[in-house]
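Visitor: Here you go, one structure.
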Amino acid sequence: MRTKQLLPGLFCLLIVPVMMTAYLGGKEKKKPKNDVCSTATPSSICSASNTCGSTASACEVDIKRTGGDSASATPNIPNAKSNAPFCVKAGTTVTFKSTSKDTGFVLDFGASSPFDSGAAITGGADRPVSVVAKKPGCYTYSVGACTAGTLYGMCGEDAAQFVVSAK
């Protein structure tokens, strides 16, 4: 008799965690505000005013945690806006760094990366990471930044894009 009473309780204890895991795992990834990768010719946005670096000089991208639960990636281009799409030419060294004190970052390109290593890029204020953009195309990536020593909202995340154009 007691087994019949315990069964519904045990069933709920097992099913609720499984359903919560499925819900949280199924959350949609953030999309960039200005999605250039879904246009017919993403490289058409490339111009001298939004191209970062060259084969002779590195493109530096500053990663920051920006209020609340957001993060930003800003290239060293005059008047560049954070998380706005930008361009680099194939063969350009891209240095991801953070000028914010005690900040670490992760950049995840998913299955498609413009760099030789398909792994996520991890670095921080004391550890910039340089990689060479080799594969032309348009890339959407997840930007995550965490600041040590903060109590509320330690980390932020957002999505950004850049275009690697042929030489």
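Since every read-out is calculated from the coordinates, none of them should be taken as a lab result. Everything numeric in this text was worked out from a predicted model, so none of it was measured.
Visitor: On alpha carbon coordinates alone, what is the Rg over Rh value for the range 66-167, Rh being the Kirkwood radius? Walk me through the numbers on the way to the answer.
Guide: On the way: Rg = 13.5 Å, Rh = 14.0 Å.
In the range 66-167, Rg relative to Rh is 0.96.
Visitor: Only Cα pairs under 8 Å and at least 6 apart count here; give the relative contact order of the range 33-97 as a rounded whole percent.
Guide: 39
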